[in-house]
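Student: Sending over a structure as structure tokens; questions will come in a sec.
The values are calculated or read from the model by the stated rules, or taken from the named source; none is laboratory data. Computed from a predicted structure; not experimentally measured. Don't worry about glycine lacking a Cβ; one is built from the backbone with ideal geometry, like all the others, and counts go over all protein chains shown. The area values use the complete protein model at the heavy-atom level, side chains included, leaving out ligands, DNA and RNA. Shrake-Rupley method; radii C 1.70, N 1.55, O 1.52, S 1.80 Å.
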Amino acid sequence: MQDLLNKYIFTPGPVRMYEETLQLGSVQTPYFRNEEFSEVILECEQDLLQLLNAPKASRVVFLTASGTAGMEATVQNLLNKNDKTIVINGGGFGQRFVELCKLHNIKHLNHKLTGDDLSNTTPLNNYSSATTLLINAHETSIGLLYNMKSVGKFCKKNNILNIVDAISLFVTDELDMQKQNIDALIISSHKGLALPPGLAMVVLSPKAIQKINPPNFMYFDFNRYINNGKRGQTPFTPAVTILLQLQARLKQIKKDGILFHIDKAKNIADYFRKQICILPIKEYSHSMPNAMTTLAPTDGRSAYDIVRDLDQKFNIIVAPNGGDLRNIIFRVSHMGNMDRDYINVLINALYQYYGVERKLP
Ligand SMILES: *Cc1c(COP(=O)(O)O)cnc(C)c1O
């Protein structure tokens, strides 16, 4: 057990948490069907809408589930058999949207990307008759950040409902529903927000709310959440403790200003990338978010071996890849409670691992 808990953690979920979050995690779970708890949910909703610059009259659905449930519930509620959906598929999470469309019988165009950052949306023009678009703002499987502004422009021009999984983008990178023309946005608790896993949030603009399908399921029916949410409640038992942690986190982020957190993540990411640039590991993605750095060994070593060695020799957890990329890349998250001291543990370990002396400036 101690072995599992006492590690330096650099994974894209879970991420290193803040002291206040940890303390709130140790309290007795309070009863929640009362006005005091309603205030918690109402405050979380208002703060999220403000931080995301959501269009007026947008609403937040709080699901007790991991991020993928947010993706699936969104597909179930917002898409139907009359839709033609573009799926931007740049890796594992894009592929997940493709699979969800298949499972729920949604007509979809699988737009497979190979190293395209989408700043040029010309290829998308073939799909201008589509009704909806599904995209992961940051394709976390390879650390690829898309140009959300140009995607939003394309959707607006062609009257396409823009549905964005921003799970691994919120708090560390710019996200603005109005500026980026986002109609529905999916986030979750255990990435940039640095809370435990268990809470998925779907932010719905009025346009998205209008498109909610008549229900043929219970737990994920968005209308139930929207109606209950008016009085600050959820239809079923919510992740009570995580919502308390969320309330505190959002309060702190609002106090600091979201730009402070975006800047902080950028600083850490830049510092890390600069410090390791002389080691035989190179940046894999040409369009990286602040949230994460993806690295490919250049000396013939297996990426998977590096991940294993960092754990066994240095007690450090970075994220391995699966499938074809298992030996090619590994990932280092910059989300959550990161500072120079903490990231230096990883940087020093990498220098030691490669037998290179680290010269501090
Ligand atoms: C982490 C993540 C998810 C959700 O994964 P879960 O394991 O269900 O929490 C979805 N999309 C992206 C882009 C992610 O990074």
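Student: Taking a cut-off of 21 Å between Cα atoms, list the lysines near Lys7, but don't count ones fewer than 8 places away on the same chain.
Tutor: Lys191, Lys313
Student: Run the numbers on the chain and let me know its relative contact order in percent, using alpha-carbon pairs under 8 Å that are six or more apart. Display every interim value, and only then the final one.
Tutor: Numbers: 679 pairs, mean separation 86.9, N = 361.
Once normalised by length, the contact order is 24 percent.
Student: Quick check: at a probe of 1.4 Å, how many percent of the accessible area of the chain sits on carbon and sulfur atoms?
Tutor: On the way: 8050 of 15940 Å².
The computed percentage sits at 51.
Student: Take the residue pairs Lys156/Lys254; Lys153/Lys251; Lys84/Lys149 and return only those whose Cα atoms are more than 24 Å apart. Please list the in-between numbers first.
Tutor: On the way: Lys156/Lys254 29 Å; Lys153/Lys251 31 Å; Lys84/Lys149 22 Å.
Result: Lys156/Lys254; Lys153/Lys251 exceed 24 Å.
Student: With a 1.4 Å probe and every protein chain left in place, tell me how much accessible area Phe330 has, in Å² to the nearest 10.
Tutor: So the heavy atoms of Phe330 present about 0 Å² to solvent.
Student: Can you tell me the dipole magnitude for the chain around its Cα centre, using point charges on the Cβ only (Lys, Arg +1; Asp, Glu -1), in Debye to the nearest 20?
Tutor: Values: 39 positive and 33 negative charges, 161 e Å.
Taking the Cα centre of the chain as origin, the dipole is about 780 debye.
Student: May I ask you to rank His261, His108 by accessible area, largest first, using a 1.4 Å probe over the protein chains only? Write out the running numbers ahead of the final one.
Tutor: Numbers: His261 15, His108 60 Å².
Correct descending sequence by accessible area is His108, His261.
Student: Rounded to the nearest 0.05, what FRET efficiency do Asp341 and Val27 give with R0 = 35 Å and r taken as the Cβ-Cβ distance? Could you check? The partial results should precede the final answer.
Tutor: Working: r = 28 Å, r/R0 = 0.80.
Using R0 = 35 Å, I get an efficiency of 0.80.
Student: Taking amide H positions as placed in the peptide plane 1.01 Å from N, state which residues far from Ile281 in sequence (5 or more) or on other chains have amide H under 5 Å from it.
Tutor: Thr298
Student: Using 0.36 nm per residue of separation minus the Cα-Cα distance, give me the extension gain between Gln252 and Glu43 in nm, one decimal.
Tutor: On the way: separation 209, 0.36 × 209 = 75.24 nm, distance 1.28 nm.
Fully extending the segment from Gln252 to Glu43 adds 74.0 nm.
Student: Using a simple charge model, +1 on the beta-carbon of Lys and Arg, -1 on the beta-carbon of Asp and Glu, nothing else, what dipole does segment 114-262 show about its Cα centre, in debye to the nearest 20?
Tutor: Numbers: 15 positive and 10 negative charges, 132 e Å.
About 640 debye.
Student: Given the C-alpha centroids of segment 315-353 and segment 1-34, what is the distance between them in whole angstrom?
Tutor: 20 Å
Student: Let me ask something additional. Which whole-Hz couplings ³J(HN,Hα) result when phi for each residue of segment 306-313 is put into the Karplus expression 6.51 cos²θ - 1.76 cosθ + 1.60, θ = phi - 60°, listed in order with x for Gly and Pro?
Tutor: 5, 4, 5, 5, 4, 5, 6, 8
Student: Among residues other than Val75 whose Cβ falls under 11 Å from its Cβ, what is the net charge (Lys/Arg +1, Asp/Glu -1)? Write out the running numbers ahead of the final one.
Tutor: Values: positive: Arg96, Lys102; negative: Glu72, Asp83, Glu99, Asp165.
Combined, the nearby Lys, Arg, Asp and Glu give -2.
Student: Moving to a separate point now. Among all the aspartates and glutamates, which ones have a C-alpha under 12 Å from Lys274's C-alpha, if same-chain residues fewer than 8 places away are not counted?
Tutor: Counting by Cα, and skipping residues close in sequence, Lys274 has these aspartates and glutamates nearby: Glu283.
Student: Among the chymotrypsin sites (Phe, Trp or Tyr not before Pro) in segment 174-257, which ones are in a DSSP loop with at most 16 other Cβ atoms within 10 Å of the Cβ? Mind listing them?
Tutor: On the way: sites: Phe217, Tyr219, Phe220, Phe222, Tyr225, Phe236; in loops: Phe217, Tyr219, Phe220, Phe236.
When the chymotrypsin sites (Phe, Trp or Tyr not before Pro) of segment 174-257 are filtered for loop state and at most 16 Cβ neighbours within 10 Å, Phe217, Tyr219, Phe236 remain.
Student: Heavy-atom accessible area per residue, the chain, 1.4 Å probe: how many Å²? Walk me through the numbers on the way to the answer.
Tutor: Values: 15940 Å² over 361 residues.
Spelled out: the 1.4 Å probe surface of the chain, per residue, equals 44 Å².
Student: When the chain is fully extended, how far beyond the present Cα-Cα distance does Asp311 get from Lys282, taking 0.36 nm per residue of separation?
Tutor: On the way: separation 29, 0.36 × 29 = 10.44 nm, distance 2.02 nm.
Extending this stretch completely gives an extra 8.4 nm.
Student: Among the chymotrypsin sites (Phe, Trp or Tyr not before Pro) in segment 1-50, which ones are in a DSSP loop with at most 13 other Cβ atoms within 10 Å of the Cβ? Mind listing them?
Tutor: Numbers: sites: Tyr8, Phe10, Tyr18, Tyr31, Phe32, Phe37; in loops: Phe10, Tyr18, Tyr31, Phe32.
Passing both the DSSP loop test and the Cβ count: Tyr31.
Student: Okay, next question. What FRET efficiency comes out for the pair Met218/Leu5, r = Cβ-Cβ distance, R0 = 56 Å, nearest 0.05? Before the final figure, lay out the partial values.
Tutor: Details: r = 36 Å, r/R0 = 0.65.
So the FRET efficiency works out to roughly 0.95.
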